[in-house]
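Right, one structure below, let's go through it.
The values are calculated or read from the model by the stated rules, or taken from the named source; none is laboratory data. Computed from a predicted model, the values in this text were never measured in an experiment. Note that we place each Cβ from the backbone using ideal geometry, even for glycine, and neighbour counts take in every protein chain shown.
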């Protein structure tokens, strides 16, 4: 645990003039299995996207392993929400997993033997090896999630950023994912998940950030996942906060 | 009959089908099918303006390079307009498409009418072929230009195939991997613009969109792989183009565009009907087979139940009695006999050993499922029978084994009847 895998400094993100994240200072130490929790609309997914340089920042900066994201892209694997793509796309499970190798293999080169081997290993680790040739529209929700996970594993990254990996999956998939995340952590990798289900947080994760537009608290689960912090995060302050922030941003634009 | 002119015309029409078929796959998968329509219409004023400017600057106003250049220019402007309207205003893409399509097409028609009536002193400019297409007007010079543009488009597509695949399937992930998604989207749209413009003289602006959408939709029926789909769509497009041009050359007064589109649609119809797995014909065959199987299994079950009364499971029964149980047609018996499950002697029918085994399994499945419904889902015992009747044919062995285990290998169903565990001696 040498340093921080991910650091957000004074981060503000706004869609049009509606602020989504406001003055967030957050550092996720390396080698952690970390969860981001917070109510709907708290900006959890946006925080992930900000880390991956996918949304414009209104202010602040993000460092990944101490560097700008574009310098360390290959060390980061992203698992988007399952619903974000059209699963009727003409591709097999193996095709999707191989997409995880494009970045390493070069965009125009055919994936080589090594890429295929890594893709196959990734499928084995999520228990999907026998589905490699299956058309992706014929997968269950849990199998789709495991396919996305395999694509990220095929990247062989140091930081895994996942948007609700447990959303709408079956019990078998959930167990597979948990075991896999622990294995990654035990090998020194860092995992950061947006997590919806609060009950499983203490069991699955060892580090947590509570977010509701602003950072409420962050740290090891044992100290941070407290009633008081949860109340601060999920209590009814968000509406007032949002109005105040909107007014403030409007004022800045008007100047 | 295949003179040099016809070969030129068919080559040109096949070429346009090839290119628009391949590119169309990406438009369809990106759910931008109608973008092709809008930008084809947007090309019309460009053609007219190019013709006009040709007269002004003193080059051959009908030179294909000039006309295609003009078409490309306004189609491009139209596309950019659609994208920027969608991005900067609250107008959605479909509305933006509609607005841009009609404005550009309207302007194109005004210009065209002006030119056709000798406004520029050009007399019959012959530009009306760009409306509905006239393959017969293709000369080798045109086809050569189409081939060069088409080759450029396909080559670019081949080089960037992987990034294109990724930005269409999952643009957000692509972006996280450092692909310049916006730039690739613009490149892809540009290729689609070129593919559409290549076909304008042959198919016309009004129907060109069909050549983008139809071959891709047809190809999708046959395959679940993107590369195969692109190749197939190109082949289907080329076939439709060649056929349409051939027929239009025979029937001289019919414009080529509608005929090419009709050929493509016929191929789509065939694909929808015949493609394995997705095809409607196969679905009908599967349904028929399934209905037959259910009928045979029900017959076996009825024979088994008759056997339960007197303990003689394989005893011959009167055909009429067996059929009377659920008013089954006589063909059920013929089908069961064809499968070796029953033997028929005169008016009597009895289970063979294979039939006995199968009957035991069907009855077991039915009763286990009934018990499961009654115990685990709290459905009243007198309601479970019909539900089980439908499910017993559909459940696979794996699921049933799991249910059986969960219920602790029960011996009787909710009605107190025994659950068969093997074939009686």
- Message: Condition check: surrounded by fewer than 24 Cβ atoms within 10 Å (Cβ to Cβ), modelled with pLDDT under 90 and closer than 20 Å to residue B:139 by Cα. Does residue B:245 satisfy that?
- Response: no
- Message: Considering only segment B:207-217, I want to know if a residue exists there that is more than 14 Å from chain A (Cβ to nearest Cβ), within 22 Å of residue A:84 (Cβ to Cβ), assigned to a helix (DSSP H, G or I) and in contact (Cβ under 8 Å) with a residue 60 or more places away in the chain.
- Response: no
- From the list B:192, B:167, which residue is modelled with pLDDT of 90 or more, touching a helix residue (DSSP H, G or I) at 6+ places or on another chain (Cβ under 6 Å), over 17 Å from residue B:79 (Cα atoms) and in a helix (DSSP H, G or I)? B:167
- Task: Considering only segment A:187-206, state which residues are touching a residue at least 12 places away in the same chain (Cβ under 8 Å) and in a loop (DSSP other than H, G, I, E, B).
- Result: A:188, A:189, A:195, A:196, A:197, A:198, A:200, A:205, A:206
- Listed residues B:219, B:209; which is farther than 30 Å from residue B:127 by Cβ and surrounded by 24 or more Cβ atoms within 10 Å (Cβ to Cβ)? B:219
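Could you please give the count of residues in segment A:148-176 that are in a helix (DSSP H, G or I) and either in contact with a strand residue (DSSP E or B) (Cβ under 9 Å, 6 or more places away or on another chain) or away from chain B (no Cβ under 14 Å) (or both)?
10
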- Residue, nearest to residue B:37 (Cα to Cα), within segment B:223-243, restricted to residues that are within 14 Å of chain A (Cβ to nearest Cβ) and touching a helix residue (DSSP H, G or I) at 6+ places or on another chain (Cβ under 6 Å): B:233
- Residue check: is residue B:107 on the phi < 0 side of the Ramachandran plot, in a helix (DSSP H, G or I) and under 30 Å from the mean Cα position of the chain (by Cα)? no
- Message: Among the residues in segment B:8-17, are any part of a helix (DSSP H, G or I), in the same structural domain as residue B:220 (by TED's automatic domain parsing) and over 28 Å from the mean Cα position of the chain (by Cα)?
- Response: yes
- Could you please let me know if residue B:24 is closer than 21 Å to residue B:241 by Cβ, within 14 Å of chain A (Cβ to nearest Cβ), in contact with a helix residue (DSSP H, G or I) (Cβ under 8 Å, 6 or more places away or on another chain) and in contact (Cβ under 8 Å) with a residue 24 or more places away in the chain? yes
- Would you say residue A:74 is surrounded by 14 or more Cβ atoms within 10 Å (Cβ to Cβ) and within 12 Å of chain B (Cβ to nearest Cβ)? yes
- Note on the structure: Within segment B:143-196, residues without any contact (Cβ under 8 Å) to a residue 40 or more places away in the chain, more than 14 Å from chain A (Cβ to nearest Cβ) and closer than 17 Å to residue B:21 by Cα come out as B:148, B:151
- Residue among B:324, B:343 that alone is surrounded by 14 or more Cβ atoms within 10 Å (Cβ to Cβ) and free of Cβ contacts under 8 Å to residues at least 24 places away in the same chain: B:343
- Task: Return yes when residue A:8 is on the phi > 0 side of the Ramachandran plot and either surrounded by 19 or more Cβ atoms within 10 Å (Cβ to Cβ) or within 14 Å of another protein chain (Cβ to nearest Cβ) (or both) and no when it is not.
- Result: no
- Name, by its number, the condition in (1) more than 12 Å from chain B (Cβ to nearest Cβ); (2) closer than 23 Å to residue A:220 by Cα that does not hold for residue A:41. (2)
- Task: Looking for whichever is over 16 Å from the mean Cα position of the chain (by Cα) and more than 22 Å from residue A:156 (Cβ to Cβ) here; the options are A:45, A:92, A:84, A:59. Which one fits?
- Result: A:59
- Message: Going through A:96, A:126, A:79 one at a time, which residue ends up being closer than 15 Å to residue A:151 by Cβ, more than 9 Å from chain B (Cβ to nearest Cβ) and crowded, with 20+ Cβ neighbours inside 10 Å?
- Response: A:126
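Select from segment B:271-289 the residues that are in a helix (DSSP H, G or I) and touching a residue at least 12 places away in the same chain (Cβ under 8 Å) and write down the one among them that is surrounded by the most Cβ atoms within 10 Å (Cβ to Cβ).
Going through the qualifying residues, I end up with B:271.
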